[in-house]
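See below for the structure under consideration.
The values are calculated or read from the model by the stated rules, or taken from the named source; none is laboratory data. Everything quoted here is computed from the prediction, not taken from an experiment. Positions of Cβ are generated from backbone atoms using ideal geometry, with glycine treated the same way; all protein chains shown enter the neighbour counts. Keep in mind that these areas ignore ligands, DNA and RNA; they rest on the heavy atoms of the full protein, side chains included. Shrake-Rupley method; radii C 1.70, N 1.55, O 1.52, S 1.80 Å.
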There are 2 protein chains.
Amino acid sequence: MNDNKNGSCRELTLRQTALYLKKHNNYIILTHASPDGDTLGSAYALYYALNEIGKTACVLCPDVIPKKYDYFARKTDHVSFENATVIAVDVASESLLGALREEFAGKVNLCIDHHISNTKYAQNLYLDDDAAATAECMYELIEQMKVNINDITAKALYTGLTTDTGCFKYSNVTAKTHIIAAELYSYNIDATEINRLMFDTKSKNLIELEKMVLENAEYHFDDKCFLLTVTADMQEKTGCSGTELEGIAVISRSLEGIKAGITIKQTDDDEFKVSLRTYPPLDASAICKALGGGGHVAAAGATVKGTLEEVKKKVLDVVEKALEEENAGTVTA
Amino acid sequence: MNDNKNGSCRELTLRQTALYLKKHNNYIILTHASPDGDTLGSAYALYYALNEIGKTACVLCPDVIPKKYDYFARKTDHVSFENATVIAVDVASESLLGALREEFAGKVNLCIDHHISNTKYAQNLYLDDDAAATAECMYELIEQMKVNINDITAKALYTGLTTDTGCFKYSNVTAKTHIIAAELYSYNIDATEINRLMFDTKSKNLIELEKMVLENAEYHFDDKCFLLTVTADMQEKTGCSGTELEGIAVISRSLEGIKAGITIKQTDDDEFKVSLRTYPPLDASAICKALGGGGHVAAAGATVKGTLEEVKKKVLDVVEKALEEENAGTVTA
């Protein structure tokens, strides 16, 4: 509706956000690109809640919604842009709107999010950066609005909750996350099936790729380091790419007793994306900085140019140095 | 203390069990053989709670406790059998006492359990078969006793809760499971680290075995069936056996779109253990019955004699028949 080119962003309380949602009538709900369970689950939960109180709404996703979300991500109504209120859900910055960016940049009326990195691009913002998932915010918002929760709404909310926490595994989980999960169990959500679809289902292609990756796995430095490689050839042969490959880094950090799990993924003829997972006292962020990248203390990355063998050597050299510094520290301590 | 040879078992309420625990002074706490996170977590939580109110107690496990439980499974006091009250925790039948069976059969004074299959072998039984884990019962019991929960007690309880539910994934999870998890977050439990140790850590040997298993994986019946084989040779080469191999059946059911995931594990020269995981409308129990075994509708097993090729053929034949019957049913419906 209105541009937000002056950049002013009004931060709303939960109560103000609930009132805002009750006040308007036609909503366009946006998710972020490369949609995950939280942006979709939260967007659809909002859609069903608004429907429940007689509002017209639609969900727009910049990319095709993966089929595995079919159990809640149904076809929504059509809402004309002319008289619509635009809500971005779990979208931390306008660039994450992807293909929808051009159409909606500067035109988001309300953003509902949990990312501390939110760039405050929307006119109004409800941000709870203590929430493990935007689905947590959305649950509280729907409660605040006193809108009835249907089974499908509960399924969507549970999906957001479980996917953004790795099934209640990540450090973002709080008591509140579990309390909301408990509340959602009073609906017919079939959490077991949701978690199977989200976490324990792999395509034949991905299984084949994982086999290739394991066949080429390397153990270094007395098994303190586990190195996995995903070549362009493997990606081509199996057709696996993008977010499908995220699980490989999880495998790289699963070896018992390791300090560094490395995944090297080919992104071009002479370019590789390095993902590093470390355990204390190693600092993934510091190691990746030495490679021209960055990130967090336990998970970081860098883009490194060269042949596969050159890139491997570069990465292993800095990891070895970090391990040696640690050993030296232990000896002198 | 007392034999229970007459077989009478008194079922206690939560309150009665709490009073019973407050009344006695010296406790021997038994876990089941091949210990898992729930029997250990519940046993140690009870141990710490009893310590907290000045009771002497020890935990006895029929097998060596795996090192991964070191963060709560510490060395306990010595309690003489003569004047001790014997409590079995998460032990559904005396046979599960394994190496401790001979010493303690007929001598368990109290059993605390959640298995509906409990054989009521103890003099006194606190059974809550709605609980997802014995750790749920133990949490409620400690609350009922009004005993202070320490961080290490909370870690032990959380471990029982998360391991018996596959990290809140299985169908045994209820709202109560999540509410107790929420309560445990008020202590310093480092749930992320616990879940990493319990679910996302694999030995080098297991990674090598999984690689071999994937290299020999077979897809059948238009990828409706995924068949994994663990030969004696693979087990010998990697040194992986027993409970370490449980994850293979999980892989067998992870292929997208399958109806039957089969794991064939060699147990002798001419003997194989078949584990079957199915999705509706296939009935794993019915299929395994045809192979001389049994189980549940989604997970069942059978021991089948023959060469590997013979066993594969037998299993694939019954699975194919079940798939064909299903297809026929669809066509005529």
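Here are the numbers for this structure:
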read-out: Pair list, Cβ under 6 Å, 6 or more apart: the range B:43-62 residue under 13 Å from B:Val89 (Cα atoms), other residue at pLDDT below 95 and of a type in the set (Asp, Glu); value: B:Cys58/B:Asp77
read-out: Test: residue in the range A:135-148 that is at pLDDT below 95, farther than 24 Å from B:Met198 by Cβ and aliphatic (A, V, I, L, M); value: no
read-out: Pairs where the first residue, in the range B:291-312, is closer than 13 Å to B:Lys265 by Cα and the second is part of a loop (DSSP other than H, G, I, E, B), C-beta under 6 Å, 6+ apart; value: B:Gly301/B:Gly293; B:Ala302/B:Leu291; B:Ala302/B:Gly292; B:Ala302/B:Gly293; B:Val304/B:Leu291; B:Lys305/B:Asp270
read-out: Selection status of A:Asp3, farther than 30 Å from A:Ile194 by Cα and modelled with pLDDT under 95; value: yes
read-out: Which numbered condition B:Lys204 misses (of (1) under 20 Å from B:Leu46 (Cβ atoms); (2) without any contact (Cβ under 8 Å) to a residue 40 or more places away in the chain); value: (1)
read-out: Scan of the range B:75-92 for residues that are touching a Lys or Arg at 6+ places or on another chain (Cβ under 9 Å) and open to solvent by 50 Å² or more (accessible area, probe 1.4 Å), ordered by number; value: B:Phe81
read-out: Residue in the range A:294-301 that is open to solvent by 60 Å² or more (accessible area, probe 1.4 Å), more than 29 Å from A:Lys68 (Cα to Cα) and β-branched (Val, Ile, Thr) present; value: yes
read-out: Residue in the range B:309-316 that is within 14 Å of another protein chain (Cβ to nearest Cβ), β-branched (Val, Ile, Thr) and either open to solvent by less than 20 Å² (accessible area, probe 1.4 Å) or closer than 17 Å to B:Phe226 by Cβ (or both) present; value: no
read-out: Complete set of residues in the range B:187-210 that are of a type in the set (A, V, I, L, M) and within 8 Å of chain A (Cβ to nearest Cβ); value: B:Ala191, B:Ile207
read-out: Flag if B:Phe226 is within 9 Å of chain A (Cβ to nearest Cβ) and open to solvent by less than 70 Å² (accessible area, probe 1.4 Å); value: yes
read-out: Selected residue [of a type in the set (Val, Ile, Thr) and more than 10 Å from every other protein chain (Cβ to nearest Cβ)] from B:Thr162, B:Thr134; value: B:Thr134
read-out: Single residue of A:Ala286, A:Ala302 found to be more than 17 Å from A:Thr229 (Cα to Cα) and either among the aliphatic types (A, V, I, L, M) or out of contact with any strand residue (DSSP E or B) (no Cβ under 8 Å at 6 or more places or on another chain) (or both); value: A:Ala286
read-out: Identity of the residue in the range A:161-183, in contact (Cβ under 8 Å) with a residue 60 or more places away in the chain and more than 23 Å from B:Gly257 (Cα to Cα), that ends up least open to solvent (accessible area, probe 1.4 Å); value: A:Leu161
read-out: Residue in the range A:56-72 that is farther than 24 Å from A:Thr163 by Cβ, assigned by TED's automatic domain parsing to the domain that holds A:Glu140 and loosely packed, with under 14 Cβ neighbours inside 10 Å present; value: no
read-out: Verdict on A:Ala105 being surrounded by fewer than 17 Cβ atoms within 10 Å (Cβ to Cβ) and among the hydrophobic types (A, V, I, L, M, F, W, C); value: yes
read-out: Of all residues in the range B:242-277 being of a type in the set (S, T, N, Q), open to solvent by less than 50 Å² (accessible area, probe 1.4 Å) and more than 13 Å from chain A (Cβ to nearest Cβ), the one that is farthest from A:Lys204 (Cα to Cα); value: B:Gln266
read-out: Considering residues of the range A:184-196 that are crowded, with 18+ Cβ neighbours inside 10 Å and touching a residue at least 24 places away in the same chain (Cβ under 8 Å) only, the residue nearest to A:Asp70 (Cα to Cα); value: A:Ile194
read-out: Residue among A:Ala132, A:Ala122 that alone is in contact with a strand residue (DSSP E or B) (Cβ under 6 Å, 6 or more places away or on another chain), open to solvent by less than 10 Å² (accessible area, probe 1.4 Å) and in the same structural domain as A:Val173 (by TED's automatic domain parsing); value: A:Ala122
read-out: Selection within the range B:129-153 - under 20 Å from B:Val173 (Cβ atoms) and free of Cβ contacts under 8 Å to residues at least 60 places away in the same chain; value: B:Asp129, B:Asp130, B:Ala131, B:Ala132, B:Glu136, B:Glu143
